[in-house]
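Quick notes on the structure that follows.
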Amino acid sequence: MKGIKVSAQDHINRSAALRGKGDYFLAALEIENNRDKFDDVSIVPALLQAFYAAKEAGDRSEAENYAREIAALDPEVPSIQDFL
């Protein structure tokens, strides 16, 4: 549908829904393909979705990459600590 604006929160929600269905690759791809939509407020929650997707997929290397990226923005996020 042309003309409908999709918000950063919509992308985060889609990623979470894909994770819930076990579509971990697509969940991370939803975030990666829409990085330009995330501002300073939404980038950490967005990257957390990608981090969780990688973690749930068993891709420790990718989870570590996301954890480092998140830590650069907010080093106190509890869920990433074991991956730093």
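Throughout, read-outs are computed from the coordinates displayed, never taken from laboratory work. From a predicted model like this one, the values you see are computed outputs, not experimental measurements. Heads up, the Cβs are rebuilt from the backbone with ideal geometry, glycines too, and the neighbour counts pull from every protein chain shown.
Suppose only helical runs count, i.e. DSSP H with n ≥ 4. What mean residue ellipticity at 222 nm does that imply for the chain under -39500 (n - 2.57) per run, divided by all residues and rounded to the nearest 500 deg cm²/dmol?
Here the helix-only value at 222 nm equals -19000 deg cm²/dmol.
In terms of Cα to Cα distance under 19 Å, which lysines are near enough to residue 5, apart from those fewer than 8 places away along the same chain?
37
Once the Cα atoms of helix 60-73 and of the chain are each reduced to a long axis, what angle between those two axes, in degrees from 0 to 90 to the nearest 10, is obtained?
The helix 60-73 is inclined about 80 degrees to the chain.
Considering only DSSP states other than H, G, I, E and B, which trypsin sites (Lys or Arg not before Pro) in segment 1-80 qualify as loop sites with at most 10 other Cβ atoms within 10 Å?
Details: sites: 2, 5, 14, 19, 21, 35, 37, 55, 60, 68; in loops: 2, 5, 21.
For trypsin sites (Lys or Arg not before Pro) across segment 1-80 that sit outside H, G, I, E and B with at most 10 neighbouring Cβ atoms in 10 Å, the list reads 2, 5, 21.
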